[in-house]
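Engineer: Following this message is one structure expressed as structure tokens.
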Amino acid sequence: MKIQLAYAMVAVLMPSVLTAAGASDATVPSEQQTACASPYRSVEIAGIASIPAYPESAREAGATGSVVVDVFVDRFGSVKGTRIAKSAGNIALDSAARIAAARTRYRPAIVKCVIVEAHYLFYADFTSQ
């Protein structure tokens, strides 16, 4: 059985801007704002995404499917939470995709030169051949 996994292209869903208390150390100083090279950036994978392991129980059952994991990324690029946005209909596949999404390293989103919290959609396709 061969497994083909596809994962995440950038998909940011309306980043939430930080509160005034948290924004001070994430804000580009005013003299640098005009020189900000990338005033807008979606959450990105930093390097290579973690590839989900195809669970043995799912492989034995012949389970296949696609999973979409909504990953909440904080302003430091750390994963603060995950949830299944679209299930494969198999708990083992969903769990494997969720673990891989949480293990992946991310670059945070930027809105108007301010680093913000945002969501990223991580896609995992489990197919057997």
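Rule-based calculations on the coordinates, nothing more; no lab input. Because the structure is a prediction, the values reported are computed rather than measured. Positions of Cβ are backbone-derived with ideal geometry, glycine not excepted, and every protein chain shown enters the neighbour counts.
Engineer: Filter the range 70-94 for residues that are in contact with a strand residue (DSSP E or B) (Cβ under 9 Å, 6 or more places away or on another chain) and in a helix (DSSP H, G or I); which is farthest from Glu44 (Cα to Cα)?
Structural biologist: Out of the qualifying residues, it is Leu93.
Engineer: Within the set of pairs 6 or more residues apart or between chains, which connect a residue that is on the phi > 0 side of the Ramachandran plot inside the range 112-124 to a residue that is polar (S, T, N, Q) and surrounded by fewer than 19 Cβ atoms within 10 Å (Cβ to Cβ) with Cβ atoms less than 6 Å apart?
Structural biologist: If the second residue must be polar (S, T, N, Q) and surrounded by fewer than 19 Cβ atoms within 10 Å (Cβ to Cβ), the pairs left are Cys113/Gln33.
Engineer: Still on this structure, please answer the following. Please count how many residues of the range 100-129 are more than 16 Å from Gly65 (Cβ to Cβ) and not in a strand (DSSP E or B).
Structural biologist: So the answer is 7.
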